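One structure below.
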Amino acid sequence: KLPEGATYLLIDSSSTLAQLICASYVFLFPEIGSDFPYPLLWAMGCGIPVVAAATRQVREVASSEVKLVHPTDRIEWMRALESAVVSIEWRETARDAGLTRASAYNATEAADRLIEVYRKITRKTGAL
C-alpha cells in the first residue's frame, strides 16, 4: 500500500522514464539490484542532482557529487533528501558534476565494457 499522497506510475517505455527523470527536481535512486544504473546516468545527463543507494554499481558510475546513502537506512534517506532540496549550492555543483560525468558515457563504450567482461568470464571458465 502506498503512503497517502504517493502516486504509482506505470512506466511503459524507457523514453517515458527518461522524460520523467529529466523533469525532476532531485532524483532518488534507491535501487540495489540493478546491473548498470542507467536511470542514474540519465538523471546526471539531464543535470538533475542525485541521491542514490551506496552500491558498487552506483559508485562506479556516479559523479563525485551524488549523495550516497545506505540502501536501507530510512533516516539517512530523509536527511539526504532534505539536504538536497534545501541546498541550492549542492544542487548546482551536483548538476555540473553530473553533466560532466554523464558525458563520459556512451553506448559504444558501454558495449565495449560488456564485451570485455564476457571475455574475462570465458577465459576464466574455459567456455567458448
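The values are calculated or read from the model by the stated rules, or taken from the named source; none is laboratory data. In this text, all values refer to a predicted model and were calculated from it rather than measured experimentally. Cβ coordinates were reconstructed from backbone atoms using ideal geometry, including for glycine residues, and neighbour counts include every protein chain displayed. Accessible surface is based on the protein model in full, side chains and every heavy atom, while ligands, DNA and RNA are left aside. Shrake-Rupley method; radii C 1.70, N 1.55, O 1.52, S 1.80 Å.
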Filter the range 92-103 down to the residues that are open to solvent by less than 50 Å² (accessible area, probe 1.4 Å) and either farther than 17 Å from ALA18 by Cα or at pLDDT 95 or above (or both) and list them by number. ALA94, ALA97
Being over 17 Å from SER24 (Cβ atoms), more than 16 Å from the chain's Cα centre (by Cα) and hydrophobic (A, V, I, L, M, F, W, C): is that true of ALA111 here? yes
Pairs where the first residue, in the range 56-76, is in contact (Cβ under 8 Å) with a residue 24 or more places away in the chain and the second is surrounded by fewer than 16 Cβ atoms within 10 Å (Cβ to Cβ), C-beta under 6 Å, 6+ apart: GLU65/THR93; PRO71/ILE32
Just for the range 4-13: of the residues that are among the aliphatic types (A, V, I, L, M) and surrounded by fewer than 10 Cβ atoms within 10 Å (Cβ to Cβ), which one is farthest from PRO39 (Cα to Cα)? ALA6
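Matching residues to (1) under 28 Å from LEU114 (Cβ atoms); (2) open to solvent by 60 Å² or more (accessible area, probe 1.4 Å); (3) within 10 Å of the chain's Cα centre (by Cα):
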{"residue": "LEU2", "(1), (2), (3)": "no, yes, no"}
{"residue": "SER15", "(1), (2), (3)": "yes, yes, no"}
{"residue": "VAL26", "(1), (2), (3)": "no, no, no"}
{"residue": "PRO71", "(1), (2), (3)": "yes, no, no"}
{"residue": "ARG79", "(1), (2), (3)": "no, yes, no"}
{"residue": "GLU82", "(1), (2), (3)": "no, yes, no"}
{"residue": "VAL86", "(1), (2), (3)": "no, yes, no"}
{"residue": "TRP90", "(1), (2), (3)": "no, no, no"}
Per the filter on the range 55-73, residues modelled with pLDDT under 90 and among the β-branched types (Val, Ile, Thr) are VAL61
Out of the range 112-128, which residues are at pLDDT 75 or above, open to solvent by less than 70 Å² (accessible area, probe 1.4 Å) and not acidic (Asp, Glu)? THR122
Restricting the range 93-114 to residues that are among the hydrophobic types (A, V, I, L, M, F, W, C) and touching a residue at least 12 places away in the same chain (Cβ under 8 Å), the one farthest from VAL50 (Cα to Cα) turns out to be ALA110
